[in-house]
Amino acid sequence: MKNIQINHAQKGFTLIELMIVVAIIGILAAIAIPQYQDYIARSQVNRVVGEISALKTAAEENLMRGVIPTGTEASNNIGFPGSSLLSAFAISFQNDGSGSLQGTLGESASTAVSSGTVTISRTDAGVWSCSVSGVDSAFVPAGC
């Protein structure tokens, strides 16, 4: 008769191996979640800057036609469709052509930027500039 040798190989993971995997996942999550939240905040500010900047052409055209865009009717003339991130939007121009397009981020924005204000300003010489206030400088786009 032959001796049959039975191999009892380990099956499954030990408790210590599972604890190491959980610890690694926890460390990765502790690093990744704040980075993702910062990314979301930056992208939301960039989105609002882009949405408001897109209105510069319409505002410029109105100024060239002699229409001074200001107040709530200006939103209709310029064609701002609205943004889910903005709680307020204001258009204010003077007779000399200087003025601004301003949006305030609302509650649907990330908490890091929810009270920020994006202002796209125009001088009477026709030079446009961008500024962002009320948010950490890390969330402000390079062009502002």
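Miscellaneous remarks
- Net length available on complete extension from Ser92 to Ser108 is 3.3 nm, with 0.36 nm assigned per residue and the Cα-Cα distance removed.
- Using the empirical formula 2.2 N^0.38 Å as the baseline, the Cα radius of gyration of region 15-139 reaches a ratio of 1.47.
- Each residue, Phe13 and Asp38, gets one label point 7 Å from its Cα in the Cβ direction; the gap between the two is 2.9 nm.
- Peptides 46-52, 105-111, 16-22, 131-137 ranked from most to least packed, by the mean per-residue count of other Cβ atoms within 10 Å: 46-52, 105-111, 131-137, 16-22.
- For Val135, nonlocal amide neighbours, meaning residues 5 or more places apart or on other chains whose placed amide H falls under 5 Å from its own, are Thr117.
Bear in mind these aren't lab numbers, they're just calculated from the coordinates by the rules spelled out. Bear in mind the structure is a predicted one, so any value in this text is a computation, not a measurement. Cβ coordinates were reconstructed from backbone atoms using ideal geometry, including for glycine residues, and neighbour counts include every protein chain displayed.
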